[in-house]
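Okay, so here's the structure we're looking at.
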Amino acid sequence: MNEPIEVFTDGACSGNPGPGGWGWAVAPEGEPCGSGGELHTTNQRMELMAVLEALRSLGVGSEAGPITVVSDSTYVVNCFRDGWWVKWQRNGWKNSKKEPVANVDIWQPLVEIVRSGDVSFRWVKGHSGDPMNDLVDALAVEAIPAS
């Protein structure tokens, strides 16, 4: 059985919307890690992309053992902790206001990959001196493309 993995994720935007970046890194050493960015995006999309790309890279659903995603995004953590996605899926990816769920193009594959493995979520306060959170924040900021 593979050892448990703790992966930190973060997204950043220069303007919201605006150019944005995402980053992820495995604790405690920060390796492996990854990052990327988009010219026109939102902070929430970048938070989601960080998680999706981390889980894809770590092989969730295949060779990966249990993974804990640590994020400073309540949007991400609360969705999985409180099961928002279950209601969204049941309602045809509509929110409580009967409007289309924002970022459904990322939420759908993210939910699928989370369901395929042993993935849990934990919130960490952003910009509070946690070395891993600071690292992924720096990766996300560095990945913001020049506009």
Next on the checklist: Here's a check for you: in region 131-147, which residue that is in contact (Cβ under 8 Å) with a residue 60 or more places away in the chain and of a type in the set (D, E, K, R) is farthest from Asn78 (Cα to Cα)?
Outcome noted: Glu142
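Here is a yes/no grid of residues against (1) hydroxyl-bearing (Ser, Thr, Tyr); (2) closer than 28 Å to His127 by Cβ; (3) touching a strand residue (DSSP E or B) at 6+ places or on another chain (Cβ under 6 Å):
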| site | (1), (2), (3) |
| --- | --- |
| Asn16 | no, yes, no |
| Glu31 | no, yes, no |
| Leu39 | no, yes, yes |
| Val51 | no, yes, yes |
| Gly65 | no, no, no |
| Val70 | no, yes, yes |
| Thr74 | yes, yes, no |
| Trp93 | no, no, no |
| Lys97 | no, no, no |
Item to check | Residues within region 110-135 that are out of contact with any Ser or Thr (no Cβ under 6 Å at 6 or more places or on another chain) and either hydroxyl-bearing (Ser, Thr, Tyr) or part of a helix (DSSP H, G or I) (or both), tallied | outcome: 13
Next on the checklist: Go through region 58-77 and report how many residues are at pLDDT 95 or above and either more than 15 Å from the chain's Cα centre (by Cα) or not β-branched (Val, Ile, Thr) (or both).
Outcome noted: 3
Checklist entry - Restricted to region 64-87, and to residues that are part of a strand (DSSP E or B) and of a type in the set (Val, Ile, Thr), which residue is surrounded by the fewest Cβ atoms within 10 Å (Cβ to Cβ)? => result Thr68
Checklist entry - Considering Glu53, Glu6, which residue is over 17 Å from Ile106 (Cβ atoms) and either modelled with pLDDT of 95 or more or among the acidic types (Asp, Glu) (or both)? => result Glu6
Checklist outcome for this item: Selection from region 20-49 of residues under 16 Å from Asp137 (Cβ atoms) and part of a strand (DSSP E or B) yields Gly20, Gly21, Trp22, Gly23, Trp24, Ala25, Val26, Cys33, Gly34, Ser35, Gly36, Gly37
Next on the checklist: Condition first: closer than 19 Å to Asp118 by Cα, surrounded by 19 or more Cβ atoms within 10 Å (Cβ to Cβ) and of a type in the set (Gly, Ala, Ser). Now tell me which residues in region 1-44 satisfy that.
Outcome noted: Ala25
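The values are calculated or read from the model by the stated rules, or taken from the named source; none is laboratory data. Here the structure is a predicted model, which means the values were calculated and not measured. Here the Cβ is made from the backbone with ideal geometry for all residues, glycine too, and neighbour counts use every protein chain on show.
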